[in-house]
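Right, one structure below, let's go through it.
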Ligand code: ATP
Ligand code: MG
């Protein structure tokens, strides 16, 4: 599925990641209703696995993930976040809101402060799986942190771990790094701040998720600095099923096979299907309708569970 940035009057497309498209206000445009220093982050329905963007997309995904991200920003309202004050206007249906964000991206766009992003993916793992599990099997460590022996895939860790990655350029793989390397990249004070903010947000979000019957196995945050105030700000998407692994708590507690235990609300369905049907050479095959529908249904179910009062 190719990325086709939209032509939005007053906005200039500046970047497309695997899933999101970024726009900045067109300088000196009379069309531009956007406040100074803002950016529009538009989530598409694109889905990626193993760093490939797949076809077709998952209908409604951009909107579902934006809604979930906004719910978390709102719930964690004492954590400084990148939503611009005018963002509150979106969804009000007023002329002012319509002028700010065109209808074709309404519901899947965030109006944010443009920050100087730290090139670090701030990953927190409360449970061991994925690349963490692979590393553990080889060396008994995750991101160089030694762990007790005898852990199984999907087990809860003795305590949540900060396992950062260096954010690769588009097309490259992110690279797991040690905390010492984060210190070298951003300096000791900022490295400490990124770690403690990440661990504290994870702990709160994991407890909230658990009260909704969902395990937050791991997640990834991105932070940036507000150039004007110097403040470190939570940015990007937060605690979505693209940036996190969410599992059904009852299934996990019931045990069973790894697949049964890690009944996920993220794109594991896509990853599993792809792993079984593609040898990772050439172009990935088209996702069958059934996989697309099952994935969409799981994304919807997660949003419903998390945002519905427990
Ligand atoms: P990947 O496809 O591996 O996720 P990506 O992270 O570059 O690559 P997206 O997540 O699709 O791609 O795009 C979102 C981009 O916007 C990221 O590069 C993220 O760092 C950046 N970003 C998010 N919030 C802000 C912000 N407030 N200011 C500046 N950049 C931001
Ligand atoms: Mg990203």
Subject >> Of all residues in segment 1-57 being at positive phi and touching a helix residue (DSSP H, G or I) at 6+ places or on another chain (Cβ under 9 Å), the one that is surrounded by the most Cβ atoms within 10 Å (Cβ to Cβ) >> reply: 10
**OP:** Give the residues of segment 134-162 that are at pLDDT 95 or above and in a loop (DSSP other than H, G, I, E, B), sorted by residue number.
**Re:** 140, 147, 148, 149, 150, 151, 152, 153, 154, 155
**OP:** Considering each residue of segment 98-125, count those that are within 30 Å of residue 178 (Cβ to Cβ) and over 16 Å from the mean Cα position of the chain (by Cα), and give that number.
**Re:** 3
Original post:
What is the number of the single condition among (1) assigned by TED's automatic domain parsing to the domain that holds residue 231; (2) more than 16 Å from ligand 1 (Cβ to nearest atom); (3) in a helix (DSSP H, G or I) that residue 131 does not meet?
Top reply: (2)
**OP:** For segment 155-167, indicate whether the set of residues that are touching a residue at least 24 places away in the same chain (Cβ under 8 Å) and either in the same structural domain as residue 17 (by TED's automatic domain parsing) or farther than 30 Å from residue 80 by Cβ (or both) is non-empty.
**Re:** yes
Original post:
Of all residues in segment 229-281, which are on the phi > 0 side of the Ramachandran plot, more than 23 Å from the chain's Cα centre (by Cα) and modelled with pLDDT of 95 or more?
Top reply: 230
Subject >> Matching residues in segment 293-310 - criterion: being in contact (Cβ under 8 Å) with a residue 40 or more places away in the chain and either over 19 Å from the mean Cα position of the chain (by Cα) or farther than 30 Å from residue 74 by Cα (or both) >> reply: 308, 310
Original post:
Just for segment 233-245: of the residues that are away from ligand 1 (no atom under 12 Å from the Cβ) and touching a helix residue (DSSP H, G or I) at 6+ places or on another chain (Cβ under 6 Å), which one is nearest to residue 73 (Cα to Cα)?
Top reply: 239
Original post:
Taking segment 276-287, which residues are surrounded by 12 or more Cβ atoms within 10 Å (Cβ to Cβ) and assigned to a loop (DSSP other than H, G, I, E, B)?
Top reply: 278, 284, 285, 286, 287
Original post:
Among the residues of segment 196-206, is there at least one that is modelled with pLDDT of 95 or more, buried (at least 16 other Cβ atoms within 10 Å of the Cβ) and within 16 Å of ligand 2 (Cβ to nearest atom)?
Top reply: yes
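The values are calculated or read from the model by the stated rules, or taken from the named source; none is laboratory data. Keep in mind it's a predicted model, so treat the numbers as computed, not measured. Note: ideal-geometry Cβ built from the backbone for every residue, glycine included; neighbour counts use all protein chains shown.
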